[in-house]
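Input: a single structure, listed below in structure tokens.
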Amino acid sequence: MDLRLSETQEILKKMARDFLTTECPKTLVRKLEQSDQGYSPEVWKKMAELGWMGLIIPEQYGGMGYSFLDLVILMEEIGRNILPGPLIATITSTFPILEAGTEEQKKDFLPKIAQGKLILTTALLESEGVFDASGITVKATPKGNDFIINGTKLFVEMAHVANYILCVARTKEGSSPEKGVTIFMVDAKAPGVRCEVMPTIAHDKLCEVSFNNVTVPKGSIIGKLDEGWPLVETILRKGAIIKSAESVGAIEVCVEMTVAYSKERVQYERPIGAFQALQHKMADMWTAMETSRYLTYKVAWMESQGLPCAKEASMAKAYVNEVYKDVSKWAVRLHGGIGTSADHDISFYYRRSKSADLAFGNTDFHKEIVARKIGLL
């Protein structure tokens, strides 16, 4: 395993950082957080021209054909800058199509996704708030050549601006909760679909999506009927890695800003970074940052190589979740009073750390996966 970046990856990293610094400054982030849409269509179009939505889509479907590790490098830069919008939701919703979509579905959806013409999101969580199959109660009932979907999904990212929603529904009661789960590609504007943005601390536009007698054809099924849970696990595993990478980028900024501030802020005629207690705390923050990066890049490399990595993905997500929350909290504390101000950039990262914890499985969910993989459950 060689985690050094190639020349192409270094170019991708620099290009992403330069683009985000120019096109998505914090002034725009503040504006987008308060807007109804929650993203900039103009920036979205420019990202599509750079190929970000199609980064890992094969060239035969209009994508760039890059690796999963390349995608992780991009996500780290997005986390550094904070990019509001449906990019992660769209990319993670593309994975089931790439893995199990029919050739017709791939030819229909993938080029449009790569061109930025389609926004996708995945509807998984329900009122129980659990990430395992036992929480899937939204039902899809067969009717002729169609299915009728009824129920409510929660915390669906950017559903209010999505063109399609991947709805994880129960189509049959099986011998285990994992049996009888199916993924449907639902037109977000279909009759009976209602989206309402839920207020969150991160202002990240999570939605409640209600399905009231929504009719979808059998051709909208992604993968096999009643056997969709492995695809959900793919979304959760790859999504956890991607979200970890985004969090690593944010952790880096929290640490860098805090170290820089500690060299400038003078107290008792000395920079506060000269005090041993604060030095040790920032040393801990730096160590946690580097450990987070290592865990994330290791599992990203494994995923790119096609190696089994469910345990490693959960190890990274569980660890990075807690580091992001802890580092951003200490970043606020070490900035003092100004760190608690909404006008200071550090507040973005503190608020986002709470949301990042829940995306694609919280810490407890991923710790249970690790425990199961090492034979404890």
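General remarks:
- Gaussian network model of the chain, springs between alpha carbon atoms under 10 Å - residue of ILE241, ILE11, ILE73 with greatest fluctuation: ILE11
- Spherically averaged projected area of the chain from its Cα convex hull (nm²): 19.4 nm²
- With contacts taken as Cα pairs under 8 Å and at least 6 residues apart, the chain reaches a relative contact order of 16 percent.
- When exposed loop sites are taken as GluC sites (Glu not before Pro) in a DSSP loop with at most 15 other Cβ atoms within 10 Å, the longest stretch of the chain clear of them is 1-127.
- Euclidean distance of C-alpha centroids, segment 216-247 and segment 250-313, integer Å: 31 Å
- Apportionment of accessible area to carbon and sulfur, the chain, percent (1.4 Å): 52 percent
- In the context of the full set of protein chains, segment 7-118 has a per residue accessible area of 43 Å² (1.4 Å probe).
- Interatomic Cα distance distribution for segment 32-110, bins of 10 angstrom, percent: 17, 49, 28, 6
- Lysine pairs within segment 17-148, Cα separation less than 22 Å, 8 or more sequence positions apart or different chains: 12
- Taking every protein chain into account, the accessible area of segment 121-227 amounts to 45 square angstrom per residue (probe 1.4 Å).
- Expected 222 nm ellipticity per residue - DSSP helices of 4 or more, -39500 (n - 2.57), all of the chain, to 500: -17000 deg cm²/dmol
- For GLY116, distant residues with modelled amide H under 5 Å away: none
The values are calculated or read from the model by the stated rules, or taken from the named source; none is laboratory data. Predicted, not measured: the structure shown is a model, and the values here were computed from it. Ideal geometry is used to build each Cβ from the backbone, glycine not excepted, and the neighbour counts take in all protein chains shown. Side chains included, ligands, DNA and RNA excluded: accessible areas come from the protein's heavy atoms. Shrake-Rupley method; radii C 1.70, N 1.55, O 1.52, S 1.80 Å.
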